[in-house]
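Single-structure report; data block below.
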Amino acid sequence: MNAFVLNRHGRMVFPSNIVPELDFSTVETLDQLDEVIRRDFETKAPSGTDILERVRTGDYATKYALMRDLALNLFWANRFSITMYEKRPMRWADVPRHRSDVFLPVVEPWEEGETKVAAVQEAYPTLPAQWDAEVEDRIFGVLFDVFANRKHHATTLPAIKPTVAEFLDEPDSLTFRLPSYDPDYPVYDYRDILDCDEDVPELESLHRWAMVLHNQYPWERAQLELATADQLSDDDYVVVFTPRDKSVRDFLRRLDDDAPAAPAPQPRESRQPIRPYREIDVRRDFRVMPRLEALSAVHGDQVCSNDDLIRNTAYNWSPMSAEEIRQKTGIEQRRYSSVSLEQLALQAAEAALEKAGRGPEEFGGVLVCTCTSSRLIPSLATYLCGQLGMYQVAAAYDIIAACAGMPYGLAEATRLLQEVERPVLVVCVEKFSDKIGNVRTSRMIFGDGASAMVVGVAPGGAEPDLLVMKTYASGPASQVNSILWPNPEFDNNITVFGPEVKALAGRYLGQMIEELSALPDPDGRAASLMESVDLIVPHQANKTMVIQLAERAGLTADQLYFNIEDVGNTSSASIPLAIHDAVRDGVLTEPQRIFAPGFGAGAVAGYAIMRLDPSVVAVQTTSGAGPAAEQPAVPGAPAEAGDRPTPSDDVGVAFA
C-alpha cells in the first residue's frame with residue numbers, strides 16, 4: 001500500500017488509516033486475532049450501554065464527543081466483518097448451500113437498541129457544536145443513519161461465521177433479511193473518501209470514518225430484519241459473507257489445520273561485559289587520517305504536518321490534537337518522500353560526489369546505513385555502486401545500526417580507509433513513511449530523508465576531521481526489542497515501546513557523557529574532551545525526551561541543536577541531516593568541534609567527536625525530489641561503467 005497519496009485538494013491522505021485492514025499472513029490462531037481485535041477495537045470503543053449511560057449522566061460536552069463515540073462503537077460492531085469479509089446481498093434461492101467459503105452471519109437482537117438510539121437522537125440537538133455546527137450536523141446524519149438502523153447485538157459476534165450449511169443446522173439462528181435489494185444503492189467511492197475536505201482536521205477524519213461506516217451497509221437499512229431459516233422465502237435477500245482476500249482464506253485454512261504454534265525462545269539474563277570497551281582515538285589508533293570531504297542532504301519532498309496527522313486519525317488512535325503532538329515530541333511536521341528509498345540514497349550520493357569533486361573511479365568503498373531497506377539482494381550499497389558507475393570497489397555493504405547509523409558508518413569508513421587509502425562513501429538513508437501503517441506513535445515520530453558523506457584521506461601531517469568515535473550494542477532483551485520492524489503483532493508495521501526506548505537512550509547518553517568527561521582534550525584547550533565540544537548534534541529522536549535526558553546527564557538545552565520540529569525522526573539520517581540544516585540556517589558558520597551521539601533500535605548506540613567545516617556541506621536550497629527523482633523507478637538504468645543486461649521481466653518506520 002502507498003504510504004500516502006495527495007488528494008485533489010493537495011492534502012496528504014494515508015490509505016492505511018481509512019479502512020481497517022489486518023495482515024492475516026501474520027495471524028496464526030484465533031487467540032492472536034482476538035488479541036489484535038481487542039487492542040484495536042474493543043479497548044478504544046464504548047458499547048451501546050456505555051453511550052446510553054454517558055448520555056444520561058451528561059458526560060458529553062459537545063456534539064463531536066458524542067459522534068466520535070458513535071463511530072468507534074460502529075467500528076467495533078463491524079470489527080470482524082470489516083477486517084475479514086466482503087458483504088454481499090444475495091437472493092436466498094441463489095445462495096450456495098455447501099460452499100466452505102460462503103458464510104452467513106448469525107446474530108442476536110440488540111437489547112434496548114431502541115432505547116439507546118432514542119437517547120442519542122434526543123441528546124445530540126441539545127449539545128453545543130465544538131467547531132462548526134453545520135458540518136457536524138451533516139456528519140451526524142451519516143453516522144446516525146447507520147447507528148439507528150443497527151438490529152443486532154455486537155458483544156457476542158464471533159470472528160468465524162457459520163457456513164450456510166451450519167446455519168441451516170441451527171433452526172433458531174437469526175441472520176439478516178432484506179425484502180428487496182438495489183445493487184445501485186448509493187455508496188461513497190474510494191476517491192470520494194480520499195477527497196473528503198473539511199476545514200477542521202478532527203472533523204475531516206470523523207467524516208471519513210462516517211463514509212467508511214456507511215459503505216458497510218450498502219442497502220436500504222430501514223428494511224433490514226432478523227430472520228430464521230424457515231422464515232426466509234426464495235425471493236428474500238440475505239447478506240452473505242465471503243473472505244475479503246487470499247490472506248483471510250489462508251488464515252481460515254490454517255485454523256482448520258490446527259497446527260500448534262512453536263513456543264517463543266526466552267532470553268537469557270543480560271550480563272555486563274567483563275571490562276569496558278575502549279574508544280577509537282583516531283590519532284592514536286590509525287595511520288591514515290580521515291578527512292570529511294563532503295556532506296550532502298536530501299529531505300523528503302512532501303511536508304506532513306501535525307494537522308495532516310489529525311486529518312488522518314485512524315479508528316484505533318487515542319484522541320490527540322496537533323498541539324499535543326508538538327508538546328510530546330517537539331515535532332511540528334515531518335517530511336515524507338515521493339520517491340523510493342533507493343532513489344533517496346542515490347540523490348544524496350550524487351550530491352556528495354559532486355560536492356567533493358570526485359569521480360566514481362576514485363572510491364575504495366561504499367557503506368550504506370539504513371534500517372528501512374527491504375532490498376537484500378543486491379545490497380543497497382552494491383546497488384549504488386552500479387548506479388554511480390563504480391566498476392569495482394574494495395568493499396560495499398549495508399549496516400543496520402538504526403539511529404546510531406552515522407557513528408557506525410564513520411567508524412567503519414575510518415577502518416576501511418586504512419586498507420584502501422582512498423575515499424569511502426557513507427550514505428545514511430531512511431524511508432519510514434511506507435512502513436508505519438496506522439500505528440499512531442510511529443506516525444507521529446518518523447520521517448524520510450538521506451545524507452551522504454565522502455570520507456577521504458587527509459593530506460600528510462594534517463589533523464583528522466574524525467577525532468574520537470565509539471560504538472555500542474545490546475542490553476536487556478526488552479531494550480533490544482523496544483523498536484520492531486517488521487512486527488507481526490502490528491501488521492508488520494514499525495512499532496515503538498516508549499518506556500524501554502527511553503531507558504536505553506538514558507543509559508547510553510549518560511554513559512557517553514561520563515566517558516567523554518573522563519577523557520582529556522587532545523588539544524589541551526579544555527579540562528576534558530566533553531568540555532571541548534562546541535556544539536552537540538544528537539540523534540533527532542524526540543526533542544522533549546532528549547532534552548530531559550540531556551539535562552539529567554548534566555547538559556543544557558542550549559548546547560543542543562535540533563531540526564526535528566521540521567523534519568521528524570529519520571533514524572540513521574537524522575544526525576547528518578541536522579548538521580546540514582545547522583549550516584544552512586547559519587548556526588554553523590565556521591569550523592567547530594561537534595559531539596554527535598546516536599542511540600536507538602536494537603539497543604545500539606554510538607558517537608563521533610568530529611571537526612565540521614561548513615564549507616564541505618552541500619547546502620540544499622530547496623527541499624524536494626532532485627534530478628534523480630526523474631529517473632526510472634528502481635532498479636533503473638545503471639551508469640555506463642556499471643552496465644548490465646536488463647531482465648526481460650524486471651519487476652522491481654521514537655528512535656529506530
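Tabulated data
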| quantity | calculated |
| --- | --- |
| The stretch 173-243 versus the stretch 85-135: alpha-carbon centroid distance in Å | 8 Å |
| Helical contribution to [θ] at 222 nm, DSSP H n ≥ 4, -39,500 (n - 2.57), averaged over the chain, rounded to 500 | -9500 deg cm²/dmol |
| Å² of accessible area per residue within the stretch 232-300, as computed with a 1.4 Å probe and no ligands counted | 68 Å² |
| Largest-first principal axis extents, alpha carbons of the stretch 363-504, Å | 52, 32, 23 |
| Heavy-atom SASA rank of Ile377, Ile594, Ile280 (probe 1.4 Å, accessible area, largest first) | Ile377, Ile280, Ile594 |
| Residues in the stretch 32-51 reached by a label modelled at Phe497 [backbone nitrogen below 20 Å; 7 Å Cα→Cβ] | 32-40 |
| Point-to-point label distance, Gln418-His98, nm (Cα→Cβ direction, 7 Å offset) | 7.6 nm |
| Heavy atoms of Asp521: accessible area, 1.4 Å probe, square angstrom to 10 | 10 Å² |
| Set of the stretch 424-441 residues, backbone N closer than 16 Å to the point 7 Å along the Cα-Cβ line of Asp613 | none |
| Pairwise FRET efficiency - Ala394 versus Ala526, Cβ, R0 = 45 Å, nearest 0.05 | 0.75 |
| Extended-chain gain in nm, criterion 0.36 nm per residue less alpha-carbon gap, Thr57 and Thr556 | 174.8 nm |
| Per residue accessible area in Å² of the stretch 58-152, where ligands, DNA and RNA are left out and the probe is 1.4 Å | 43 Å² |
| Solvent-accessible surface ranking, highest first, for Trp317, Trp485 at 1.4 angstrom | Trp485, Trp317 |
| With DNA, RNA and ligands ignored, accessible area of Leu174 (1.4 Å probe; Å², nearest 10) | 40 Å² |
| Rounded percent of accessible protein surface that carbon and sulfur make up, the stretch 336-438, 1.4 Å probe | 47 percent |
| Part-to-part distance (alpha-carbon centres) for the stretch 462-503 and the stretch 528-566, which is given in Å | 18 Å |
| For the chain, share of DSSP beta bridges that run antiparallel, in % to the nearest 5 | 80 percent |
| Extension gain, Asp172 back to Arg584 (0.36 nm per residue minus Cα-Cα distance, nm) | 141.0 nm |
| Average accessible area per residue (Å²) across the stretch 519-567 - probe 1.4 Å, nucleic acids and ligands excluded | 43 Å² |
| The stretch 59-215 - percent of accessible surface contributed by carbon and sulfur, probe 1.4 Å | 48 percent |
| Burial order of peptide ranges 388-397, 504-513, 197-206 (average beta-carbon count within 10 Å, highest first) | 504-513, 197-206, 388-397 |
| Answer label, with percent of Cα pairs over 47 Å apart calculated from the coordinates and candidates [x] 39; [y] 28; [z] 21 | [y] |
| Potential extension, Ile377-Thr115 segment - 0.36 nm per residue separation minus Cα distance | 88.2 nm |
| Cα centroid separation - the stretch 569-609 against the stretch 21-83, whole Å | 42 Å |
| Ranked order, Arg443, Arg244 - accessible area, probe 1.4 Å, largest first | Arg244, Arg443 |
| Distance histogram in 5 Å bins (all Cα pairs of the stretch 428-471, percent per bin) | 5, 16, 15, 13, 11, 11, 10, 8, 6, 4, 1 |
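The values are calculated or read from the model by the stated rules, or taken from the named source; none is laboratory data. Since this is a predicted model, take the numbers as computed values, not measurements. Glycine gets a Cβ as well: all are built from the backbone with ideal geometry, and neighbour counts include every protein chain shown. All accessible areas refer to the heavy atoms of the entire protein, side chains included, with ligands and DNA or RNA removed. Shrake-Rupley method; radii C 1.70, N 1.55, O 1.52, S 1.80 Å.
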